[in-house]
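Participant: Following this message is one structure expressed as structure tokens.
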Amino acid sequence: MNSSDPDIDFYRIPALESLSMWYSGIHGYLSVIVCAFGIPMNLINVTVLTQKHMRTPINCILTFLSLSDMLTMISYVPFALNFYILHSPWELSEVKNSFGWMKFMLFHINFSATTHTVSIWLGVTLAIFRYKHLYSPAKGNLTRIRRLIRARISVCLVYVLSTVGLTPNYITNKLNPYTINNKTVYVMEDLKLGTSEVRPVVLLNLWLYSIMAKLLPCILMVIYGGLLLYTLKSKLKFQKRKLSCSSVFASRPMDNSRTTRMLLIVIILFLVTELPQGILIIISVTSKGFFQNIYMPLGDLMDMVALINNGVNFILYCSMSRDFRLTLMDLLKLKMAKHRHFSTTTCNDSERSQTALIVRVL
């Protein structure tokens, strides 16, 4: 960093630098703990949501949302171990910054950007599907099958378009060799954001990523989340008037409202996680020194917020979805019953073997 450049020093905040240095020392341990919780929890989400009686359009989208979150966390574990735990995050070393590990870092950057993009667009898809369901609550097996097919097609489109759309991101980041103490290490190429030397492909990638993978989906979430909230309130008012004379169907509207509220919380978590990052990326592109002094020091904290968002959905589903809880309990009971049956069978086989041995000896 050139401290004599007033454009760069304009965004320099010593307190933020100190916070970043302190947090970097514990980030690796915290992120591995969060991933150790989030990976199995997302695996449970996928297992529960793919049960036959749980196959609905919303659960189909939630399944692949859990899958993308789990993949993000699986990629983050070796990244955190090498670059934060086994080696100091502030040092350059021949082992830490070897060509192989830095190639993995490139893979991790591109892979996590893709899975994050998939997740946020699946969040948009959730809002749209739930709003359409509340706005036009048609019933029947044929309608359910059609909606399930549409959900699966939407999920496939999100995965394919997110991967293709981030092609500029895959070719933007590069590795450069760097000599330190007569040893060659590899570092990420300086993007030179906010300067006239920045490569056009870098600008294209950052504008595309910030708008298409951050701001636009957040705007759509706000729009459809608002419509979803308005429709939910209208439905609840209508149902309260309808149920004032009878309590026979009182439990079903409450279950529907809980599902919608759960999805609204999922949307809010996405907005809190992704919207600030999109804004910071745009400022980094347009303002010299902002990327080095603001965005980079906040990088680890933003990663942690994203990891927490990836791992909390299990708690959300358990607390707000009765069907999810009941299905999970049924699976646990079935697992325990199989384990008891296996143990009993094993013991009986062992007893029969011992009896046969005694008979042969006699």
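Participant: So how tilted is helix 296-311 from the main axis of the chain? Cα-based, degrees 0 to 90, rounded to 10.
Facilitator: For 296-311 against the chain, the angle is about 10 degrees.
Participant: If I compute solvent accessible area with a 1.4 Å probe over the protein chains, what percent of it on the chain is carbon and sulfur?
Facilitator: Taking all protein chains in place, the chain shows 68 percent carbon and sulfur surface.
Participant: Then there's this: Compare Trp101, Trp121, Trp90 by solvent-accessible area with a 1.4 Å probe and give them largest first, with all protein chains kept in place.
Facilitator: Listed by decreasing accessible area, they come as Trp90, Trp101, Trp121.
Participant: Now a separate question. How many nm separate the modelled label positions at Tyr23 and Ile315, each set 7 Å beyond the Cα in the direction of the Cβ?
Facilitator: Using points 7 Å along Cα→Cβ, the separation is 1.8 nm.
Participant: Separate question: What is the calculated FRET efficiency for Asn182 to Met336, with r their C-beta to C-beta distance and R₀ = 56 Å, to the nearest 0.05?
Facilitator: Using R0 = 56 Å, I get an efficiency of 0.40.
Participant: P(r) for the chain, please, calculated from all Cα pair distances in 20 Å bins and given in %.
Facilitator: 23, 47, 22, 6, 1
Participant: Give me the base-10 log of I(q)/I(0) for segment 7-94 at each q in 0.16, 0.19, 0.20, 0.24 Å⁻¹, Debye formula, one uniform scatterer per Cα, rounded to two decimals.
Facilitator: -0.75, -0.87, -0.91, -1.07
Participant: Follow-up. Please arrange Lys183, Lys338 by accessible surface area, largest first, computed with a 1.4 Å probe and ligands excluded.
Facilitator: Lys338, Lys183
Participant: Let me ask another. Reachable lysines from Lys132, Cα under 30 Å, same-chain residues fewer than 8 places away excluded?
Facilitator: Lys52, Lys214, Lys233, Lys235, Lys237, Lys240, Lys242
Participant: Roughly what angle does helix 141-165 make with the longest principal axis of the chain, taking Cα atoms, 0 to 90 degrees, to the nearest 10?
Facilitator: 20 degrees
Participant: Continuing with the same structure: Could you order His108, His53 so the one with the most accessible surface comes first? Probe is 1.4 Å.
Facilitator: The most accessible residue leads, giving His53, His108.
Participant: May I ask for the longest run of the chain untouched by GluC sites (Glu not before Pro) that are loop-located per DSSP and have at most 16 neighbouring C-beta atoms (other than their own) within 10 Å?
Facilitator: 198-362
Participant: Something else now. Full extension from Arg146 to Ala36: what is 0.36 nm times the residue separation minus their Cα-Cα distance, to one decimal in nm?
Facilitator: Residue separation times 0.36 nm, minus the Cα-Cα distance, leaves 35.9 nm.
The values are calculated or read from the model by the stated rules, or taken from the named source; none is laboratory data. Computed from a predicted structure; not experimentally measured. Glycine gets a Cβ as well: all are built from the backbone with ideal geometry, and neighbour counts include every protein chain shown. Ligands, DNA and RNA are excluded from the accessible area calculation, which covers all protein heavy atoms including side chains. Shrake-Rupley method; radii C 1.70, N 1.55, O 1.52, S 1.80 Å.
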